[in-house]
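The structure appears right after this line, and notes come after that.
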Amino acid sequence: MSPEALYAAIIESSDAAIIAKSLDGTVLTWNAGAERIFGWTAEEMVGHTIRRLLPEDRQHEEDEILARISRGERISTFETERVRKDGSRVQIAVLISPVVGKDGAIVAASKMARDITAEKQLRETLQTTEQRFRLMADNISQLAWIAEADGAIHWYNQRWYDYTGTTLEAMDGWGWQKIHHPDHVEPVTERFRQCIASGEEWEDTFPLLGADGEYRWFLSRAVPLRDDSGQIMCWFGTNTDITERRAAERQIDLLLREVNHRSKNMLAIIQSMARRTLGTESPFVPKLEARIAAMAANQDLLVDRDWRPVPIVALLDSQLGMLGDARAQVHYDGPALNLLPAAGEAIAMAVHEMATNAEKYGALSVSTGRIDIEWTLSDGQFTMRWTESSGPPVKLPEREGFGSKILVSVPKGKLRGEVDVDYPPEGFVWSLSCPATHAVD
């Protein structure tokens with residue numbers, strides 16, 4: 001194949017429109033790519049002006065093109081719009097070069113055009129998406145940022161710059177460490193690196209330096225964004241200002257502890273009054289003191305947890321800690337659950353009462369005795385059961401005292417459930433059943 005035939009084959013097989021035109025705009029050659037893009041055949045275009053492809057509002061472009069080509073200028077790729085045979089518009093990228101004859105004179109123009117309609121639509125879609133993302137990211141209340149898979153941060157939202165008064169150049173990569181408090185930057189960095197390495201979501205609380213020179217506290221979180229294969233592409237993180245909330249929580253904690261201190265002082269006064277009124281020999285005084293101690297222990301537990309739901313095991317431990325060696329005779333079985341504060345108070349009082357009774361004349365009064373405390377959560381119901389075994393034979397009480405109110409009335413009223421007590425010879429049994437929403441977080 002001759003070089004001329006090879007060039008002709010290449011031109012005809014190209015997806016791009018390759019066109020030659022004279023210096024007055026008359027089409028001289030028209031390849032198959034041009035026909036696919038514009039819809040006109042070579043027979044329809046050769047010998048006719050190229051201007052039939054130009055919309056009315058773009059005719060001036062051809063004037064400028066022909067003038068520049070006549071001066072021997074090469075026109076770098078530019079984007080424009082042309083008209084197909086069916087009247088529809090097509091977006092194209094065009095490159096135009098002058099064709100020089102043997103005598104050095106410019107005799108024609110060579111034009112290469114590529115259909116970029118889909119590409120441009122994609123770019124516009126991406127641009128719109130990016131604009132919407134920036135609009136959202138720059139107007140959320142949090143500071144936001146995006147880190148590479150290795151943890152280096154190369155993008156921050158406007159809120160970040162407004163708060164810190166920094167620039168991307170200063171913050172790029174790991175530059176964010178500059179605005180961390182010296183007492184916190186090392187543990188924060190270490191924790192962040194650990195999550196980057198493991199792929200786990202990151203959460204931490206620390207102070208950040210503002211443009212005003214003051215530190216404010218932020219709750220910070222980042223989640224990994226993964227591709228279809230599960231590989232981490234980047235991390236999206238936010239920093240939420242919790243300075244006021246943190247101060248309020250500290251104030252509430254202080255007030256709760258003050259209330260706890262005063263209520264325990266009141267309990268101590270009641271205890272002292274009981275001793276003075278009834279005398280230290282009265283059997284009522286030890287019972288009252290034990291119940292006051294149990295209430296105080298339970299209150300301490302709830303205050304330490306800021307009156308949030310308390311783990312059931314922690315609550316049981318707080319009430320059974322006074323058993324000493326007999327504690328080993330008590331066994332738990334149940335899922336990890338958190339009791340609501342009101343439920344915790346009611347159940348704690350009942351557990352303390354049963355433990356005291358068991359020590360005196362129940363399963364814990366002998367070394368062979370055993371207590372099983374079991375609880376379940378199923379079908380929207382919370383159930384709890386206290387079962388004694390291997391102790392002295394059990395007898396039905398001759399009368400109901402204050403203890404029975406603690407075992408039955410208090411939990412039944414607070415939890416809106418059912419409480420049963422049974423006294424089979426083999427061991428005392430107490431059971432509770434109530435809606436889970438009244439007892440469990």
Subset of segment 51-64 (residues that are among the charged types (D, E, K, R) and in contact with a strand residue (DSSP E or B) (Cβ under 7 Å, 6 or more places away or on another chain)): Arg58, Glu61
Residues of segment 21-64 satisfying the condition of being among the acidic types (Asp, Glu), crowded, with 16+ Cβ neighbours inside 10 Å and closer than 24 Å to Val100 by Cα: Glu61, Glu62
Residue in segment 263-274 that is more than 22 Å from the chain's Cα centre (by Cα), basic (Lys, Arg) and at pLDDT below 90 present: yes
Members of segment 110-157 that are within 30 Å of Leu28 (Cα to Cα) and either touching a Ser or Thr at 6+ places or on another chain (Cβ under 7 Å) or without any contact (Cβ under 8 Å) to a residue 60 or more places away in the chain (or both): Ser110, Ile116, Thr117, Ala118, Glu119, Lys120
Residues satisfying the stated conditions in segment 326-375, i.e. part of a helix (DSSP H, G or I), touching a Phe, Trp or Tyr at 6+ places or on another chain (Cβ under 8 Å) and open to solvent by 10 Å² or more (accessible area, probe 1.4 Å): Pro341, Asn357
Breaking point among (1) of a type outside the set (S, T, N, Q); (2) closer than 19 Å to Lys412 by Cα; (3) under 38 Å from the mean Cα position of the chain (by Cα), for Val310: (2)
Long-range neighbours under 7 Å by Cβ, at least six apart or interchain, first residue open to solvent by 50 Å² or more (accessible area, probe 1.4 Å) within segment 240-252, second at pLDDT 75 or above: Asp241/Arg216; Asp241/Phe218; Arg246/Trp217
Residues satisfying the stated conditions in segment 192-215, i.e. hydrophobic (A, V, I, L, M, F, W, C), out of contact with any strand residue (DSSP E or B) (no Cβ under 8 Å at 6 or more places or on another chain) and in contact (Cβ under 8 Å) with a residue 40 or more places away in the chain: Ala211
Scope segment 65-89; condition open to solvent by 70 Å² or more (accessible area, probe 1.4 Å) and either out of contact with any strand residue (DSSP E or B) (no Cβ under 9 Å at 6 or more places or on another chain) or under 23 Å from Lys120 (Cα atoms) (or both); matching residues: Ser76, Thr77, Glu79, Lys85, Asp86, Arg89
All positions within segment 388-407 that are open to solvent by less than 40 Å² (accessible area, probe 1.4 Å) and either out of contact with any helix residue (DSSP H, G or I) (no Cβ under 7 Å at 6 or more places or on another chain) or not in a loop (DSSP other than H, G, I, E, B) (or both): Glu388, Ser389, Val394, Gly401, Gly403, Ser404, Ile406, Leu407
Residue list for segment 195-228, filter: open to solvent by less than 70 Å² (accessible area, probe 1.4 Å), over 14 Å from Ala147 (Cα atoms) and assigned to a strand (DSSP E or B): Asp204, Thr205, Phe206, Pro207, Leu208, Leu209, Arg216, Trp217, Phe218, Leu219
Filter result for Phe192 (assigned to a strand (DSSP E or B) and of a type in the set (Phe, Trp, Tyr)): no
Any hit, segment 93-109, residues being within 54 Å of the chain's Cα centre (by Cα) and either within 30 Å of Tyr161 (Cβ to Cβ) or surrounded by fewer than 16 Cβ atoms within 10 Å (Cβ to Cβ) (or both): yes
Residue match in segment 143-162 (condition: more than 23 Å from the chain's Cα centre (by Cα), open to solvent by less than 70 Å² (accessible area, probe 1.4 Å) and polar (S, T, N, Q)): no
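The values are calculated or read from the model by the stated rules, or taken from the named source; none is laboratory data. Keep in mind the model is a prediction, meaning the values are calculated, not measured. Cβ: placed from backbone, ideal geometry, glycine included. Neighbour counts: every protein chain shown. Side chains are part of the model used for accessible areas, which takes the heavy atoms of the whole protein and leaves out ligands, DNA and RNA. Shrake-Rupley method; radii C 1.70, N 1.55, O 1.52, S 1.80 Å.
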